[in-house]
2 protein chains.
Amino acid sequence: MNSVKRCCIMNRTVLQTILVRQFQTSTRRLVELTSVRYPNVKRGQYGIVQNSDIATFERLLPGRVLTDSLEGYNTDWLKTCRGASQVVLRPKSTEEVSGILKYCNEKKLAVVPQGGNTGLVGGSVPVFDEIVISTQLMNKIISLDEISGTLVCQAGCVLASIEDYLSNYKLTIPIDLGAKGSCHIGGNVATNAGGVRLLRYGSLHGNVLGLEAVLADGEVMDCLSTLRKDNTGYDLKQLFIGSEGTLGIITAVSLNCPQKPQTVSVAFLGCQSFQTVLDVFKESRHRLGEVLSAFEFMDSQSMTLVKENLKLASPIEDFPYYVLIETSGSNGSHDEEKLNDFLEHVMGSGLVEDGTVATELTKIQHIWSMRERLAEGLLHDGYCYKYDVSLPLSSFYGLVEAMRERLGAMVTRVVGYGHVGDGNLHLNLTSPEYSTEVMDKIEPFLYDWVAERKGSISAEHGLGFKKREFIYHSKSKSAVVLMKQIKKTFDPNMILNPYKVLPDF
Amino acid sequence: MNSVKRCCIMNRTVLQTILVRQFQTSTRRLVELTSVRYPNVKRGQYGIVQNSDIATFERLLPGRVLTDSLEGYNTDWLKTCRGASQVVLRPKSTEEVSGILKYCNEKKLAVVPQGGNTGLVGGSVPVFDEIVISTQLMNKIISLDEISGTLVCQAGCVLASIEDYLSNYKLTIPIDLGAKGSCHIGGNVATNAGGVRLLRYGSLHGNVLGLEAVLADGEVMDCLSTLRKDNTGYDLKQLFIGSEGTLGIITAVSLNCPQKPQTVSVAFLGCQSFQTVLDVFKESRHRLGEVLSAFEFMDSQSMTLVKENLKLASPIEDFPYYVLIETSGSNGSHDEEKLNDFLEHVMGSGLVEDGTVATELTKIQHIWSMRERLAEGLLHDGYCYKYDVSLPLSSFYGLVEAMRERLGAMVTRVVGYGHVGDGNLHLNLTSPEYSTEVMDKIEPFLYDWVAERKGSISAEHGLGFKKREFIYHSKSKSAVVLMKQIKKTFDPNMILNPYKVLPDF
């Protein structure tokens, strides 16, 4: 399996390189400035970067202050947001981040922390001229305890590199997502990224054992524990997980890393109704038990997209819904027996009419690529209206149907896919280019629909810049009041990633 | 297995009843008042409960205001702390808790929330005359989604009752501990309880999907999400997990419940050195993989205690160290094969010289009872100085040896046991009765020892009243400053569980 996983990583890294190249090409056609597209958002009362500030930064970070060719840092991966920052800082150490923030706080200069810049809600790029603090050069592994499986590393380590490193020690990382070839672990933690392994290993709130963050005034909050249990006072690190850089800049993390599975199998099944998808899910929980590691779903429109835009062929005939099930465990023959028992049951009972099972590298890769390259495929259509919601399973697919009916021919397509196992739907609508008319038809209708069913308007992508105004659709007023109080406590000058997560005060 | 688990629960419930009876008898010999034993702790500037207050409480909670026979509510389970509260309130609903807190906040009356009162650090009983708010009558299951495995219930549900309820739906609860027969889930969450299943299912930070809490001013913070993923704003609920009732009173929780294992096996092994225990742990992670559900250890002094004080016989001959390994999974023959392979390896390689495996009810129960009844056995010696620390595995047992050498004949015994899998050592010293001399010899020496090795002075029991002054041994000054700011933000009048968790402001 070592070779399987390594190839998967290679594959994604290659993919990422292609995407970055596409991205670089596309940013030549400059994306509309965020300040122009969203004229209602007003710049805060922050300082404007002066030459003297640049000189200070140069003293703090000799040779690591960029002031030219900043398009890549100013524009998000989806090409939907563009800021106008004049300076990018590339610290190598916690002390350097501390020095930068201390200075910025005194001068009231706003900053935006940036990892791999793979976020999907405009959280990792400036809205106006915020200074970009990139974690690109903070990419050192600090320590690994092989017995307990505890890794400590700097925030700028690329997710796939960490996985690669861990595989040498028969360990793996409890988080996996399409952008792994370029996203940074610090960004993953700051955005509480989910991904395909959450079903098996749980969220980052359970897997991050400790973290170090620099607060707005430069104070270093050292909660970089490597202990699995520590019940001494409030668990402050939890506040930073998912705060999207608005409470502090994460500089290092400590992670609980599980044993690397010895074997992986993937089944790809066709279902006639969404209810069948749910029934298959229930059976998989019951029969695959502890070896179930992913339960993903995609609809027929997703499959059409994959065929049309990525030229990938489905391994089974046409169905309204498809299910991807992954098992991984410590004993290949046991896992295979469980998977066979499960398949016999779902096919014998008529729940599933057609399916394929992959145990070899190429086939596993092919099946996963249909699911993981969907985000890439959508970009081929032009502009992508991207939504990532949690819903009770009973309402899960209803949202896709409602949007399809509502938008009709106004959009190129409406596709639904996601992590059924986590109640997490990725809903995407595409059109040749950005259209205010389409946007007004989608929002706030979609958020209202989700809120009425007690879902979450952002399951794993966060609120960033684009969704912060809709926070009340998922959180109560009293909760948001508390969040604002916490923000004020941690960052009185509000210099950390302004215009993100919370509505204006 | 249904019958196995049910019997285990019954067994523990019976045990709990015996313990409660012992406890009730013992409280007749009244424990020294906390205010007398700790003369340096001064009562805050709080109101004193008047008859008019009692009348108001009676209007809010007709027939559920207790003012007589309050010893059980005033005294902790270990009989080491005793408060002097004059009134116990027993609300049934969130609205009632809200009404109580609104009133208490206005009158500046201090309160202490209390669940099953099984805490070990004096966190769940009054220090002076704080009003006890008991969750005893808040014991309703609110909802269960069988497909996703999401349970919502009131905070006063007893842990074993929840497990019992879930077993009807082939589900289980991700937390298990000795006090399950009487501890409340609200208390478990408030103290971030760990227990024997943490190795398998992770901490409550990952398993609590949502919670509802009443803030100091009576405001209800509704974060009772049933979604596995929700990335909208700061994850406020995380702050309440482990805050020991000092930021709000948890009134309901939403939990992610895994599939109930179909089979359980237990192996009990003898080891000649602590290094061997660690080697066996490493092999178990590798060879048992996803079916490993507990890895517990106890030293020979623990075994002697079990034999002398509880009349339990060891199933294997004498060894310096013992290891209890539990596997649980969805396929009995697979689990058995994995366990056999593991045992063949550790015995074949000479790591383990003797051991026994249990798959039948009685034997499993017997083996677990040796580990789970240790806390009870310790009470037979008289007074128990109880410590619960996290340590890097390389220093894990060194603390027991250091304390044994330091205390010598001053104590009856020094025993070490705990969750090796989580790096969590339970260190206990006993003497016929409380001795200041012994205490001064233990503290702060023990905390210094742990801090020097970057451990945690409280792995799972919390800080409560007894350990709050030692928080700096595990948390940095800047972290504690932030905690105090958060406390002030959430509870400006400081009425919620005063004298707990944080040192005086």
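A few points about this structure:
- Taking amide H atoms as placed 1.01 Å from N in the peptide plane, the amide H of A:GLY218 lies under 5 Å from those of A:LYS102, each 5 or more residues away in sequence or on another chain.
- Taking Lys and Arg as +1 and Asp and Glu as -1, the other residues whose beta-carbon sits under 14 Å from that of A:TYR103 total -3.
- When segment B:381-463 is described by a simple charge dipole with +1 on each Lys and Arg Cβ and -1 on each Asp and Glu Cβ, the residue from B:MET439, B:MET410, B:TRP449 located farthest towards its positive end is B:TRP449.
- Eligible aspartates and glutamates near A:LYS102 by straight Cα distance, threshold 14 Å, same-chain separation 8 or greater: A:ASP53, A:ASP217, A:GLU219, A:ASP491
- A straight Cα-to-Cα reach below 17 Å connects B:LYS140 with the aspartates and glutamates B:GLU95, B:GLU96, B:GLU163, B:ASP164, B:GLU212, residues fewer than 8 places away in its own chain not being considered.
- Placing unit charges on each Cβ (+1 for Lys and Arg, -1 for Asp and Glu) gives chain B a dipole about its Cα centre, and among B:GLY115, B:ALA216, B:GLY423 the Cα reaching farthest toward its positive end belongs to B:ALA216.
- Within segment B:132-250: Cβ-based charge dipole about Cα centre, in debye rounded to nearest 20 (Lys, Arg +1; Asp, Glu -1): 400
- J(HN,Hα) series, segment A:70-82, from Karplus relation 6.51 cos²θ - 1.76 cosθ + 1.60, nearest Hz, glycine and proline x: 9, 3, x, 7, 8, 10, 7, 4, 7, 6, 10, 9, 9
- Mean ellipticity per residue at 222 nm, deg cm²/dmol - from DSSP H runs of n ≥ 4 across the protein assembly as shown, formula -39500 (n - 2.57): -10500 deg cm²/dmol
- Degrees, to the nearest 10: A:300-310 long Cα axis against longest axis of chain A: 70
- Backbone phi angles across segment A:252-261, fed through the Karplus curve with coefficients 6.51, -1.76 and 1.60 (θ = phi - 60°), yield HN-Hα couplings of 7, 9, 10, 10, 8, 10, x, 4, 6, x Hz in residue order; Gly and Pro are listed as x.
- Phi angles of segment A:139-150 translate, via the Karplus equation with coefficients 6.51, -1.76, 1.60 and θ = phi - 60°, into HN-Hα couplings of 10, 9, 6, 8, 6, 9, 9, 5, 5, 7, x, 9 Hz per residue; Gly and Pro are given as x.
- For GluC sites (Glu not before Pro), the sites in segment A:293-348 that DSSP calls loop and that have at most 14 other Cβ atoms within 10 Å are A:GLU317.
- Candidate aspartates and glutamates - alpha carbon under 13 Å from A:LYS311, same-chain residues fewer than 8 apart omitted: A:GLU376
- Exposure proxy shown here: for B:VAL127, A:VAL152, the number of other Cβ atoms within 10 Å sets the order, fewest to most, as A:VAL152, B:VAL127.
- Against the main long axis of the alpha-carbon atoms of chain A, helix A:477-490 sits at an angle near 50°.
- The value of relative contact order for chain B, using C-alpha pairs under 8 Å at least six residues apart, is 15 percent.
- Global geometry of segment B:263-370, whether rounded, prolate or oblate, following the gyration tensor of its Cα atoms and the 1.5 cut on a/c: oblate
- Near B:SER314: Cβ cut-off under 13 Å, other residues only, Lys/Arg at +1 and Asp/Glu at -1. The net charge is -1.
- Size of electric dipole in chain B: Cβ of Lys, Arg +1 and of Asp, Glu -1, about Cα centre, debye, nearest 20: 1060
- Distance from segment B:173-238 to segment B:411-441 (C-alpha centre basis), Å: 29
- Relative to the longest principal axis of the Cα atoms of chain A, the long axis of helix A:274-288 lies at roughly 90 degrees.
- Among B:LYS311, B:LYS441, sorting on how many other beta-carbon atoms sit within 10 Å of each Cβ, with the fewest leading, yields B:LYS311, B:LYS441.
- For segment A:42-99, trypsin sites (Lys or Arg not before Pro) meeting the loop criterion (DSSP other than H, G, I, E, B) and having at most 13 other Cβ atoms within 10 Å: A:LYS42.
- Environment charge of A:ASN493, counting only residues whose C-beta is closer than 14 Å and scoring Lys/Arg +1, Asp/Glu -1: 0
- Overall form of segment B:174-252 per C-alpha gyration tensor (a/c, 1.5; a/b vs b/c): oblate
- Point-charge dipole on Cβ atoms (K/R +1, D/E -1) for the protein assembly as shown, about Cα centre, debye to 20: 1920
- For B:VAL264, the amide hydrogen comes within under 5 Å of no other amide hydrogen, counting only partners 5 or more places away or on other chains and with H modelled in the peptide plane.
- Dipole-positive endmost among B:LEU339, A:LEU137, A:GLN259 within the protein assembly as shown (Cβ charges, Cα centre): A:LEU137
Every number in this text was worked out from the coordinates using simple rules, so none of it is lab data. Being a predicted model, the structure only gives us computed values, none of them experimental. Reconstructed Cβ throughout: ideal geometry from the backbone, glycine too, with neighbour counts over all protein chains shown.
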